[in-house]
Each structure stands twice: as structure tokens, then as C-alpha cells.
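Nothing in this text is a laboratory measurement; each read-out follows from the coordinates by a stated rule. The model shown is predicted, which means the values in this text are computed figures rather than measured ones. Quick reminder, even Gly has a Cβ in these numbers, built from the backbone with ideal geometry, and neighbours come from all protein chains shown.
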Amino acid sequence: MKQLGLALLFLVGLTLAGCGSNSNSSNINGTWKATLMSAGSTPVLTFGTSLVVNGNGSLNITNFSFTTNSPCFVSGETESGSFTLSGNFNGQAKGSFGFTVNSGTPSGNTLTLAGTANGNTITGTWTLTGGSGCSGNGGFTMTRM
């Protein structure tokens, strides 16, 4: 009976060790480069940023900078995002990724990315809405640097 109790305690310990909130989401933490392509596969925008997943799934975004010039995003952008972990396979985070950039100057432009993280790559679709000449959509790829 004592051995059965120890075996059950051991199994409970193993089960609890595998649980956690976003403990494996740190695999997405790091510096990323994004390339946004038009529907015709022409590069439209590129940017770089650093991401850290908070315990609630929101992203702490720093060092954001467009590396292409755009009249839609001249200065003062604000960024927000989220990452929902769906698994961690062979040390690679997988899950849903969301990212939004709101323009400062000129105001009223919003870039939205929605995709899936798979290890060192995030892929998905983007949409730009806003003022004259500041609209479009296509696919994107983000790569961890």
C-alpha cells in the first residue's frame, strides 16, 4: 500500500511539473524582422522589433522601427500584440499571434497582423486601413534574428 501511495505521489508530481501558464512562450521572446508582401508578392513594408510575452499573453514590444519609408507611418507609432501558446514542440513555441501598429503622424492609420508562430517563424496576413493611400493587405513573414 505504501508503494502505491508513493507511485501516485510521483505521478501527480510529474503531471504538475508539466503544467504552467506561458512558461514555454518565452521561446517567442527575442528580436524579430518582418516583411509584409502585397497580394502580388511585392514587399510593401518591413520592420524590426523585440518581443517578450507577458504572463497574460500580451506582448511587451520594444525597439519597434519600420525599415522601409512609408507616408502612412512617419513617426510616433504605438504597438500592441498578443501571443497564445498552443504548444511547445522540440523547444519551439507554437501558437496564435496578433500585432497592431497605430500611426502617430499622420494619425488614423492602423496596421493589423494575424498569424501563427511556429518556432523561429511567424506567418499570416496583414491589413492596413486609414487615410488616402494607406490601405492594403497581403501576407507576412516574421523571422527571429
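Odds and ends about this structure:
- In this label model, residue 141 and residue 92 are separated by 1.4 nm, measuring between points 7 Å along each Cα→Cβ vector.
- The fewest-to-most ranking of 125, 42 by surrounding Cβ atoms within 10 Å reads 42, 125.
- Here the residues 44, 53, ranked from fewest to most Cβ neighbours within 10 Å of their Cβ, fall in the order 44, 53.
- Given R0 = 22 Å, the distance between the Cβ atoms of residue 54 and residue 121 translates into a calculated FRET efficiency of 0.55.
- The residue 74 and residue 31 beta-carbon pair, evaluated with R₀ = 22 Å, returns a calculated FRET efficiency of approximately 0.40.
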